[in-house]
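One structure is given below, encoded as structure tokens.
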Amino acid sequence: MKSLRKSLSGKAAIVGVAESDKLGKVPEISPLGHHAQAAHNALDDAGLSISDVDGLFTAGYSTYDIGEYLGIEPTFTDSTVVGGSSFVIHLAHALAAINAGYCEVALITHGQSGRSDRARNRGGGGMPADQYTSPYGIMGPPINYAMAARKYMEMYGEDRTRQALAEIAVSTRKWANMNEKAYFYDKTMSFDDYHESRWVSWPFHLMDCCLVTDAGAAIVVTSIEKAKDTKKNPIKILGVGEGHDHGSLISQMPDLTRTFGRNTGPRALEMAGLDYKDIDLAMIYDSFTHTVLVTLESLGFCGPGEGPDFVANQVTAPGGSFPLNTSGGGLSYTHPGMYGIFTVVEAVRQLRGETGERQLDKCDIALAHGTGGLLSSTGTVLLTSNN
Amino acid sequence: MAEKIKPIPQPESDKYWEGANEGKLLLQKFGDHIQFYPRAVSTKDGSRDVEWIEASGKATLYTFTIVHQPPHPSFVDDVPYIAAIVTLEEGVNMPTRIIGIDPEPENLTLGMDLKLDFIDADGQKLPVFKPV
């Protein structure tokens, strides 16, 4: 089966990406509205229209509700939801579906009003596993991820971990300061700002935590043949990996310091026939600064515990040797809840050379990586602008 | 103050929560395989041949966080509090709270010995842990 998998490398392309019309605080638009705006914007980006879409992918809602809202009657449908990595994983599914002949034009949509819905209190008890956590006040990502971060500190040193988290927060903000769409476009962050920000759930400062915004995004994927008829340079999907190793209870995670990226990273690279050194841009889901640290290690960019050295001295900032999260990431650009799709949007724009002031000198191959749930699921894709 | 969040048991976990109300932490045992949380089958081999055992109540601290921002209105009066994962003597990990100690990072060492206790959430007892 490995050879069949490998034979799909480069056999579909992303031809359209876009966000919804407005990101940040958008109380006048519903989550479905963000899906719909982003879908039309991404199809415009591709030079295609709603009537071309025959494969529909989303997470959070059922695809049948997105289909109805947009007026699409797809003949391939996929509502796989494994948290924020879902939309990266949809790319892997689209690649397979297109090559199986199940659909030709795949539309992946996302939309959430994380900020404007925020007044709603999470009641807990919605999922069977919540009975073991919510009554204790163990609810939501910050508390759960903070426990994983504390474990990392124990294994690899508190001070160097703290410095690494600060490096990531500060470098990501520098990229956001170059992205007009970023929530913190106009607001700089110093190391002191980071260290002085309030505690959310120790060891997490406020500035370790992602934004909570309203936003949507969409991606259009099609066959290599059909891609020739679209507006822009197609971005080929070279490698994919997906999976998960626990669910809604982080206490059941096999190793709190290693995500399932340990599997999906190497598998995507193997499929693509690429090595880490070939990657010009890493777009890594940054729900927390700590998520980036453990993901870099899990994917294999560096060894366990080596992350703090890997990200030291602002190498991940503009001008640095390892460009990371050039949009400003979930930390400083936008994070409506399930952010994964936005890693792909930025990767495609960098590969096309569309990112203006923050454009990388060389960007031929990019990695986009989503994490979902409580470090539960991961999806990795490798993309290229090379023909 | 907002009403406390109570566990909503599934059929497989009724015994677990009834046990907690009797001051017992109950675990499922299938042959030599002990698991947390209760399920309809063994995670090892799918066995349905379940036996319930009472945990010794001895545990060690696996990891923790000190919660400053309440995740729900019912925890406003609780912050700061210690949310944790502990490793039971029986070898399984479970989420819980640590009580009986000031919520300061320097008071907590991973691996420290803990013992079982219970707190009350509006009539449902919850297993928690405190330093030995």
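If packing is taken as the mean number of other Cβ atoms within 10 Å per residue, what is the order of B:115-125, A:175-185, highest first?
A:175-185, B:115-125
Would you mind working out the magnitude of the charge dipole of region A:259-333 relative to its Cα centre, with +1 at each Lys and Arg C-beta and -1 at each Asp and Glu C-beta, to the nearest 20 Debye?
The calculated dipole for region A:259-333 is roughly 140 debye.
For chain A, which DSSP H helices look membrane-span-like by this rule: Cα extent along the axis of 15 Å or more and mean Kyte-Doolittle of at least -1.0?
Both cut-offs are met by A:31-46, A:86-99, A:141-156, A:158-176, A:261-272, A:289-299, A:340-352.
Exposure proxy check: A:Cys363, A:Cys210, A:Cys302 ranked by fewest other beta carbons within 10 Å? Don't skip to the end; give the middle numbers.
Working: A:Cys363 21, A:Cys210 26, A:Cys302 16.
Going from sparsest to densest Cβ surroundings: A:Cys302, A:Cys363, A:Cys210.
Using helices alone, what [θ] at 222 nm do you get for the protein assembly as shown, with -39,500 (n - 2.57) per DSSP H run of 4 or more residues, divided over all residues and rounded to the nearest 500?
Only helices count here, giving -8000 deg cm²/dmol.
Starting from the Cα of A:Lys277, draw a straight line to each of the lysines and keep only those under 28 Å, dropping any in the same chain fewer than 8 residues away.
A:Lys2, A:Lys6, A:Lys11, A:Lys174, A:Lys232, A:Lys236, A:Lys362
For peptide B:90-102, how many partner chain Cβ atoms fall within 10 Å of a residue's Cβ, on average?
3
Using only Cα positions of chain A, each an equal point scatterer, no hydration layer, compute I(q)/I(0) via Debye at q = 0.11, 0.12, 0.14 Å⁻¹ and quote the log10 values to two decimals.
-0.70, -0.85, -1.19
How large is ³J(HN,Hα), in whole Hz, for each residue of region A:6-15 in order, when computed from phi with the Karplus curve 6.51 cos²θ - 1.76 cosθ + 1.60 and θ = phi - 60°, using x for Gly and Pro?
Result, rounded to whole Hz: 5, 5, 7, 4, x, 9, 7, 9, 7, 10.
If you bin every alpha carbon distance in region B:11-131 into 5 Å steps from zero, what whole percent lands in each bin?
Values per bin, smallest distances first: 2, 11, 20, 21, 18, 15, 8, 4, 1.
Could you list A:Val381, A:Val26 so that the one with the fewest beta carbons within 10 Å of its beta carbon is first and the one with the most is last?
Neighbour counts put them in this order, fewest first: A:Val26, A:Val381.
Binning every alpha carbon pair distance of region A:250-332 at 5 Å from zero, what are the percents per bin?
Each 5 Å bin holds this share of Cα pairs: 3, 14, 24, 27, 19, 10, 3, 0.
Could you work out, residue by residue across B:110-116, how many beta carbons of other chains sit within 10 Å of that residue's beta carbon, and then give the average as an integer?
1
Short version: ³J(HN,Hα) in whole Hz for each residue of region B:115-132, in order, from phi by Karplus 6.51 cos²θ - 1.76 cosθ + 1.60 (θ = phi - 60°), x for Gly and Pro, what are they?
10, 5, 8, 9, 10, 10, 10, 6, x, 10, 7, 10, x, 10, 9, 9, x, 5
Which of the peptides A:244-252, A:128-136 is most tightly packed, and how do the rest follow, judged by the mean count of other Cβ atoms within 10 Å per residue? Present the calculation step by step, with values, prior to reporting the outcome.
Numbers: A:244-252: 20.4, A:128-136: 22.7.
Taking the mean over residues of other Cβ atoms within 10 Å, the ranking is A:128-136, A:244-252.
Under a 5 Å amide H to amide H cut-off, with H placed in plane at 1.01 Å, what residues pair with B:Ala121 once short-range neighbours are removed?
Hits under the 5 Å cutoff: B:Leu126.
Let me make sure I get this right: for region A:262-387, a, b and c are the square roots of the gyration tensor eigenvalues over alpha carbons, sorted descending. Under 1.5 in a/c it's rounded, otherwise prolate if a/b > b/c, else oblate. Which is it? Working shown, then result.
Numbers: a/c = 1.22, a/b = 1.13, b/c = 1.08.
Note, shape of region A:262-387 comes out rounded.
Tell me which residues come under 5 Å, amide H to amide H, from B:Tyr81 once H is placed; ignore anything under 5 positions away on its chain.
Those qualifying (amide H under 5 Å, at least 5 residues apart or on another chain) are B:Val67.
On average, how many beta carbons from a partner chain sit within 10 Å of the beta carbon of a residue in B:33-46?
1
Values in this text are rule-based calculations from the coordinates and carry no lab data. None of these values were measured; they are calculated from a predicted model. Virtual Cβ from ideal backbone geometry, glycine too; neighbours counted across all protein chains shown.
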